[in-house]
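See below for the structure under consideration.
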Amino acid sequence: MKLTQGTFSFLPDLSDAQIRAQIEYCLGNGWAVSVEYTDDPHPRNTYWEMFGMPMFDLGDAAGVMAEIRECRGAFPSHYIKVNAFDATRGRESLRLSFIVNRPRNEPGFALVREEGAGRRLRYTTRAYAADEPEGARYRG
Amino acid sequence: MPDDSVTATLDLDALYRDSHVGEALETLDRELVGLEPVKTRVREIAALLLVERLRRTVGLEAGVPSLHMSFTGNPGTGKTTVALRMAALLHSLGYVRKGHLVAVTRDDLVGQYIGHTAPKTREMLKKAMGGVLFIDEAYYLYRPENERDYGQEAIEILLQVMENQRDDLVVILAGYGDRMERFFQSNPGMSSRIAHHIDFPDYSDDELFAIATKMLERLQYRLSDAAADALRAYIALRRTQPHFANARSIRNALDRARLRQAKRLFEGRAAALSRDALMTIEADEILASRVFADATMPAVPGAARS
């Protein structure tokens, strides 16, 4: 099951040229771009691990592309996303965030039913991959 | 195939006109005085890049030439100015994508503790990508007297990026001739990765005078005839004195002349001022320089001393 989080996630995976063009757009708007990775795909897992510092004052996407390449080399089967942060006063939040790398096999999520008092049911999801300890997921 | 050669001859001229390279080279010629070896090399690089681009259009092998450069020369010979122009020129030739210049020194690249240098150097390199990284006084990166100096680490990262991401940025090292020579001797890897070693000659007296005229023009000042003569004398004298820094010395001298001119105008503020008076620098303002005082002194008692 393809993970659909962030912008463009319902589209086919972006090519490197497309990623570069998106980053150029971010830099053109003066946003600071950063790279993050995780192997916990739960939708509420908002804070992924930072790969290096956010990059401020870049002129060209080449720097970010190099960082993405490096991150892919270090974590080939993790989820990797690119964030663009807008530091404008009053905005100070992410403007764009999209996935640039995903594991080859994405087993998806299980629906978990928890019985509460008086036949109440609580529903939650759990990623199949999360059964394995961190760092040992998405090996296959 | 014969068609290709015909279109190619036609294209080069069109390409030259379309790329605005001619304009960039002309402004370089017009605005920078002297520096003939530098201008020749810049023209050669421009020609090479245009030809490479043309070769690519007709399907010939066109390796991306390495354009890392080192600028050596005495203080004030225009290394930084040319680097700035170079960024714009390479941009108009389509060699770098953005054409901005990031000027750094040792402090911006080398960290203060273990593990600090690599991220710092990488950050600056990333900022410079798509443009030109200008490392002023590059020889400070390498401190042979301290073998644990982090400068070596910065040099290694620099070399790696200069080699692997040649199409992403151009690195220009600058510094005084003899020290750069020593720097390259102790870092042969750096020397061999730099294709263009450009030496900036000192300016002649006439060139310095022309530079002064251009500086004043830009600031909308002008010299009276007597002041022009005084400035010529000043340049000849200043050259013989210590800490002579070519165009930079001249700029400082002009700045001080402007101060004195302002003072003169201020003290005579009772009289009405014309626009012309606001623009004109008189001979006294240049002759008041310490250079003349120092120069006349050794002429008389210097003989007694020796």
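The values are calculated or read from the model by the stated rules, or taken from the named source; none is laboratory data. What you see is a predicted model, and the numbers here were worked out from it, not measured in a lab. Because the Cβ atoms are built from the backbone with ideal geometry, glycine has one as well, and the counts that use them run over all protein chains shown.
What to note about this one:
- Selection from region B:190-226 of residues that are at pLDDT 90 or above, of a type in the set (Ser, Thr, Tyr) and touching a strand residue (DSSP E or B) at 6+ places or on another chain (Cβ under 9 Å): B:Thr213, B:Tyr221, B:Ser224
- The set of residues in region A:15-62 that are β-branched (Val, Ile, Thr) and within 14 Å of chain B (Cβ to nearest Cβ) comprises A:Ile23, A:Val33, A:Val35.
- For region A:63-81, a tally of residues being touching a residue at least 12 places away in the same chain (Cβ under 8 Å) and within 14 Å of chain B (Cβ to nearest Cβ) returns 6.
- Checked against (1) more than 14 Å from chain A (Cβ to nearest Cβ); (2) more than 23 Å from the chain's Cα centre (by Cα), B:Ile172 passes all but a single condition, namely (2).
- Checklist (1) buried (at least 18 other Cβ atoms within 10 Å of the Cβ); (2) out of contact with any Asp or Glu (no Cβ under 9 Å at 6 or more places or on another chain); (3) farther than 23 Å from B:Asp199 by Cα applied to B:Glu156, failing item: (1)
- Meeting the requirement of 1 or more residues that are more than 19 Å from A:Gly6 (Cα to Cα), the strands (runs of 3 or more DSSP E) wholly within region A:40-140 are A:109-115, A:121-127.
- Taking region B:214-272 as the range and being part of a loop (DSSP other than H, G, I, E, B) and closer than 25 Å to B:Glu31 by Cβ as the test, the residues that pass are B:Gln220, B:Tyr221, B:Ser224, B:Phe244, B:Ala245.
- Under the condition of being within 10 Å of the chain's Cα centre (by Cα) and under 20 Å from B:Ser191 (Cα atoms), the residues counted in region B:61-79 number 4.
- B:Leu125 being outside any loop (DSSP other than H, G, I, E, B) and out of contact with any strand residue (DSSP E or B) (no Cβ under 9 Å at 6 or more places or on another chain): no
- Selection within region B:125-139 - away from chain A (no Cβ under 14 Å) and crowded, with 18+ Cβ neighbours inside 10 Å: B:Ile135, B:Asp136, B:Ala138, B:Tyr139
- Which numbered condition A:Leu58 misses (of (1) out of contact with any strand residue (DSSP E or B) (no Cβ under 6 Å at 6 or more places or on another chain); (2) in contact (Cβ under 8 Å) with a residue 60 or more places away in the chain; (3) closer than 22 Å to B:Leu125 by Cα; (4) surrounded by 15 or more Cβ atoms within 10 Å (Cβ to Cβ)): (2)
- Test for B:Arg148: is it surrounded by fewer than 18 Cβ atoms within 10 Å (Cβ to Cβ), basic (Lys, Arg) and more than 14 Å from chain A (Cβ to nearest Cβ): yes
- Where a residue in region B:97-124 is within 13 Å of chain A (Cβ to nearest Cβ) and surrounded by 14 or more Cβ atoms within 10 Å (Cβ to Cβ) and its partner, wherever it lies, is assigned to a helix (DSSP H, G or I) and of a type in the set (Lys, Arg), with Cβ under 8 Å and at least six apart: B:Val102/B:Lys127; B:Asp108/B:Lys120
- Of all the residues in region B:137-178, those that are in a loop (DSSP other than H, G, I, E, B), within 26 Å of B:Glu52 (Cα to Cα) and not basic (Lys, Arg) number 4.
- Consider region B:214-257 and keep the residues that are of a type in the set (Asp, Glu) and over 13 Å from B:Asp284 (Cβ atoms). The one that is farthest from the chain's Cα centre (by Cα) is B:Asp225.
- Lone unmet requirement of (1) more than 29 Å from A:Asp16 (Cα to Cα); (2) crowded, with 19+ Cβ neighbours inside 10 Å for A:Thr124: (2)
- Some residue of region B:47-54 being away from every other protein chain (no Cβ under 14 Å) and at pLDDT 90 or above: no
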